[in-house]
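For reference, the structure discussed in these notes is given below.
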Ligand SMILES: NC(=O)c1ccc[n+]([C@@H]2O[C@H](COP(=O)([O-])OP(=O)(O)OC[C@H]3O[C@@H](n4cnc5c(N)ncnc54)[C@H](OP(=O)(O)O)[C@@H]3O)[C@@H](O)[C@H]2O)c1
């Protein structure tokens, strides 16, 4: 049998446990070319909140009654695909379930001897690639630049700050707890970290970035971003990666208030989606793997055991309870 979490109700505001339902079904039969994956880790990511809405976006919404969308890494236990053999480990979009089938051509083969398989969902997967391409291709950091990253201890933010350090930049992180602040300063070696729940972000940015912020990697939007962008440097670059502070608002927030600041500082702001760099993923993964191997890139995983706990963990992430890349480990 196969346990899956399906979307039961569309959330209004913050998601609630009642919005999800655990169902059991038989393991699916395979068509020619397909593989059956026994999931070992499920990835929980902020973008999934958007897929629970019935609104137009860059990807289709999850339909009511459908399995919650998401990437997983697991073992191939049946294969009708010539390239993917039983026993291989693969990463694929099979959603929040114990067993999932997919066209083998859509799965990425993972070598478990190179790195723990869970990293294919984090530092050596979508979040790592988001940090890599968003920072290097959109923000184009130069040695000596002051780089600010929000959600700084998270799956994307932690990697952004470390790559900026590798590039010779001064890094200021923004995070929401003392534990996260300590981690960013002592383990990731960020130059400064601001606790946005306790400190005045505008004053701290003026203190730590007296010549302005050259690069802002925005993971959160809202008031934090307002505060940072109001101190953007001349020629500053802003990458809009995520807006998690807005994902659960029931009413649209106020429009951008930083037009004047961008104008007088000739600064630019650009939204991006990691998929736009798909053709370069292999190059990004090679570079990220080298940095992990030579110790210049640390990564942190927040692993919760048991598929039963997926909705609770996901809701927790929307409240900042996760500390590092949030994963569900299955005991298959
Ligand atoms: N553009 C893309 O292709 C792409 C790809 C991947 C991810 N993203 C975006 O990148 C961002 C980070 O994703 P992630 O996977 O690395 O998640 P994450 O940072 O590991 O987890 C989310 C974190 O966001 C912070 N947060 C939650 N609610 C907040 C609020 N109201 N205000 C400020 N911060 C809040 C919390 O940290 P604190 O405790 O520090 O507040 C929480 O731990 C998200 O916005 C996500 O949607 C975009």
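So in the stretch 11-53, with the set limited to residues that are under 25 Å from residue 305 (Cβ atoms) and in a helix (DSSP H, G or I), which one is nearest to the chain's Cα centre (by Cα)?
Out of the qualifying residues, it is 47.
Given the options 316, 324, name the one that is closer than 27 Å to residue 177 by Cα, within 14 Å of the ligand (Cβ to nearest atom) and without any contact (Cβ under 8 Å) to a residue 24 or more places away in the chain.
Result: 316 is the single residue among 316, 324 that is closer than 27 Å to residue 177 by Cα, within 14 Å of the ligand (Cβ to nearest atom) and without any contact (Cβ under 8 Å) to a residue 24 or more places away in the chain.
What are the residues in the stretch 198-214 that are crowded, with 16+ Cβ neighbours inside 10 Å and either more than 15 Å from the ligand (Cβ to nearest atom) or not in a helix (DSSP H, G or I) (or both), if any?
205, 208, 209, 212, 213, 214
Going by the structure shown, is residue 168 modelled with pLDDT of 95 or more and at positive phi?
yes
Which condition does residue 273 not pass, out of (1) surrounded by fewer than 13 Cβ atoms within 10 Å (Cβ to Cβ); (2) within 15 Å of the ligand (Cβ to nearest atom), if it passes all the others?
(1)
Which ones in the stretch 95-114 are assigned to a loop (DSSP other than H, G, I, E, B) and more than 19 Å from residue 278 (Cβ to Cβ)?
Answer for the stretch 95-114, where residues must be assigned to a loop (DSSP other than H, G, I, E, B) and more than 19 Å from residue 278 (Cβ to Cβ): 95, 96, 98, 111, 112, 113, 114.
Condition test on residue 217, is it under 20 Å from the mean Cα position of the chain (by Cα) and in a strand (DSSP E or B)? Write out each step before concluding.
On the way: under 20 Å from the mean Cα position of the chain (by Cα): yes; in a strand (DSSP E or B): yes.
So residue 217 fits the description; yes.
Could you tell me which of the residues 136, 188, 121, 129 is within 16 Å of the ligand (Cβ to nearest atom), within 16 Å of the chain's Cα centre (by Cα) and over 28 Å from residue 2 (Cα atoms)? Break it down stepwise before answering.
Working: 136 fails: within 16 Å of the chain's Cα centre (by Cα); 188 fails: within 16 Å of the chain's Cα centre (by Cα); 121 fails: over 28 Å from residue 2 (Cα atoms).
Result of the check over 136, 188, 121, 129: 129.
Only helices (runs of 4 or more DSSP H) wholly contained in the stretch 242-321 count here; list those with 3 or more residues that are modelled with pLDDT of 95 or more, touching a helix residue (DSSP H, G or I) at 6+ places or on another chain (Cβ under 9 Å) and in the same structural domain as residue 157 (by TED's automatic domain parsing).
Details: elements: 259-264, 281-293, 310-317.
Because the criterion is at least 3 residues that are modelled with pLDDT of 95 or more, touching a helix residue (DSSP H, G or I) at 6+ places or on another chain (Cβ under 9 Å) and in the same structural domain as residue 157 (by TED's automatic domain parsing), no helices (runs of 4 or more DSSP H) in the stretch 242-321 meet it.
Which numbered condition trips up residue 234, out of (1) surrounded by 12 or more Cβ atoms within 10 Å (Cβ to Cβ); (2) in a strand (DSSP E or B)?
(1) is the only condition that residue 234 fails.
Between a first residue in the stretch 178-189 that is touching a residue at least 24 places away in the same chain (Cβ under 8 Å) and a second residue that is away from the ligand (no atom under 14 Å from the Cβ) and assigned to a helix (DSSP H, G or I), which pairs have beta carbons less than 7 Å apart while being 6 or more apart in sequence or on different chains?
From the stretch 178-189, the pairs are 189/165.
Residue check: is residue 239 within 11 Å of the ligand (Cβ to nearest atom), outside the structural domain of residue 12 (by TED's automatic domain parsing), in contact with a strand residue (DSSP E or B) (Cβ under 7 Å, 6 or more places away or on another chain) and not in a helix (DSSP H, G or I)?
Criteria met by residue 239.
Give the residue, chosen from 306, 284, that is surrounded by fewer than 16 Cβ atoms within 10 Å (Cβ to Cβ), more than 15 Å from the chain's Cα centre (by Cα) and away from the ligand (no atom under 11 Å from the Cβ).
The match here is 306.
The values are calculated or read from the model by the stated rules, or taken from the named source; none is laboratory data. Every value quoted in this text rests on a predicted model; they were computed, and no experiment measured them. We place every Cβ from the backbone using ideal geometry, glycine too, and count neighbours over all the protein chains shown.
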